[in-house]
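Please treat every number below as a calculation from the coordinates, not as lab data. What you see is a predicted model; the values in this text were computed from it and never measured. Every residue, glycine as well, gets a Cβ built from its backbone with ideal geometry; the counts of neighbours run over all protein chains shown.
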Amino acid sequence: MKKKIKIFIFARKNSRGIKNKNLVKLKSKSLLFYSINIAKKIVKKENIYISSDNQKLEKFALKYGINFIQRPKYLATSNSPEYLSWKHAINELKNKNINFDIFVSLPTTSPLRNKTDVLKTINKLNKKIDIVLTATKSSRNPYFNIVEKKKNGFYDVVTKKKNIFRRQDAPTTYDLNTVAFVSTPKYILNSKSIFDGRVQVNCTPLERSIDIDDKFDLKIAEKLMRR
């Protein structure tokens with residue numbers, strides 16, 4: 001039996017790095033548009049949901065024929081864990097007797113992702129895995145060349161491990177990105193955080209994994225799109 005997929009785009013009103021980030025333009029299209037565009041290549045538009053406290057995005061959803069979930073203000077502050085908004089969105093659908101098998105979140109901050117990136121992430125989810133994240137291999141490593149200030153006021157590597165003198169000898173680490181998050185409604189509702197269960201990672205190409213947090217990231221994305 002084919003599994004039912006619902007794709008969610010979580011986009012709160014306020015943003016610290018870029019004002020109205022979800023609607024900021026990248027090559028004449030909003031960041032929100034890019035998430036919707038990829039979602040529509042994977043599921044029918046009735047299976048796409050925007051969760052937001054921003055009424056402008058409700059009009060945006062109506063324009064593209066997708067669903068809108070009104071997010072409570074207490075879940076839309078800079079200190080609100082987005083995981084709680086995931087739970088809220090799932091419960092909103094449950095209250096309407098809408099059941100599904102696979103939860104997918106496509107943040108607006110990864111406009112360079114493509115359909116293949118998302119499908120590969122979805123396909124990694126199975127009965128032995130609770131959630132699949134996306135990431136790229138780290139260029140720096142907490143065992144070798146990432147340092148932090150210690151209690152004594154001096155600096156040392158984040159994680160100590162004996163006999164590591166070269167980066168190649170350090171354990172491989174990954175930088176998480178926002179290309180896609182894939183899980184099940186059951187896991188999300190019954191866990192307190194992403195890392196409560198069995199976590200898997202889908203590695204995505206660096207050139208499609210930029211996570212737009214500020215104007216500098218936006219400039220890099222613009223240059224990459226011109227290539």
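Descriptive notes on the structure:
- Angle between the chain longest axis and helix 31-40 axis [Cα atoms, degrees, rounded to 10]: 70
- Chymotrypsin sites (Phe, Trp or Tyr not before Pro) within segment 137-185, DSSP loop, no more than 10 other Cβ atoms inside 10 Å: 154, 165
- Label-point gap, in nm, between residue 215 and residue 92 - each point 7 angstrom along Cα→Cβ: 3.2
- Efficiency of FRET from Cβ geometry, residue 14 and residue 62, R₀ 22 Å, rounded to 0.05: 0.50
- FRET efficiency for residue 139 and residue 29, using Cβ-Cβ distance with R0 set to 30 Å, rounded to 0.05: 0.55
- The chain: angle of helix 115-124 to the longest principal axis, Cα-based, in degrees nearest 10: 80
- The alpha carbon radius of gyration of the chain, expressed as a multiple of 2.2 N^0.38 Å, is 1.09.
- Contour excess over end-to-end distance, with Cα ends at residue 123 and residue 226 and 0.36 nm allotted per residue: 34.1 nm
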